[in-house]
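The block underneath contains the structure these notes are about, expressed in structure tokens.
Quick note: the coordinates plus some simple rules give every number you see, no bench work behind them. Quantities reported herein were computed from a predicted structural model and do not represent experimental measurements. Cβ placement follows ideal geometry from the backbone for every residue including glycine, while neighbour counts extend to all protein chains displayed.
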Amino acid sequence: MNHQPRRFSLFLCFLFCLLLLAGCASNRLVSSWSDPAAGTVQGDVLVVAVTHQDTVRRLFEDSYVTLLQGEGLTAVPGYTVTEGGKPVSYDDVIAAIGLTGSKALLVTRLSDVSVKTFEQLATGRKYDTLDVLEADPIFFNPVLKQSTTNTTRMKLVSWLYDVQSGKLLWSAVTESKDPVMTRDYINKLVRMIVADMKKKQLM
């Protein structure tokens, strides 16, 4: 008995699922701005991610530090010089700048989160006794199923300041669809942000 058509049908279904999963989580740069007179960043950079979750904060700050150091800058993760267990405050940042002697401050924080719910009817398959035959992908009973999908969009805003003058040198807004706060995902997001800083010739 030849089951090749069924195997091919299952393979196509598996391939479609992989493509669907790959397209679920994504990042994009919404907008960015830089001071044309800013020049390259000089001196140490203090990196601060503002969040209630210590683990997420550490992942963001460590990722920034690794990438900035790869560009020849000296960077300090804020969690090493501020108190954990709470979002970092303005006073915390000022104290951390004093401790580290940083010349620049890079801050990333949550700007907005939106969740949309989509409901639709989808056609499924209910196989009958013909599913043992060679032509089984063709003979099936259509079944209507209710499917619900939630899409989460998260916007982050990032700023780079000159510490001495307090002047804003660069800013960017990113949007993430269905974000997953894993190390790999955060690294990809931060890599996109740092790439824009490099494109603006800040490093």
Problem - Whole-Hz couplings from phi, Karplus 6.51/-1.76/1.60, listed for the range 86-95; x for Gly and Pro - result: 7, x, 5, 9, 4, 4, 4, 5, 4, 5
Problem - Rounded to whole Hz, the Karplus (6.51, -1.76, 1.60) HN-Hα couplings of the range 154-169, x for glycine and proline - result: 10, 10, 10, 10, 10, 10, 10, 10, 7, 5, 5, 8, x, 7, 6, 9
Problem - Separation of alpha-carbon centers, the range 75-100 and the range 160-203, rounded to whole Å - result: 18 Å
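Arrange 28, 57, 153 by Cβ neighbour counts within 10 Å, fewest through most, would you? Don't skip to the answer; put the middle values down first.
Details: 28 10, 57 22, 153 14.
Lowest count first: 28, 153, 57.
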Fill in the blank from the handout: The long-range amide H neighbours of residue 178, using H built 1.01 Å from N in the peptide plane and a cut-off of under 5 Å, are 152, 153, 154
Handout entry: Amide proton proximity set for residue 169, modelled H, under 5 Å, gap of 5+
Key = 160, 161, 162
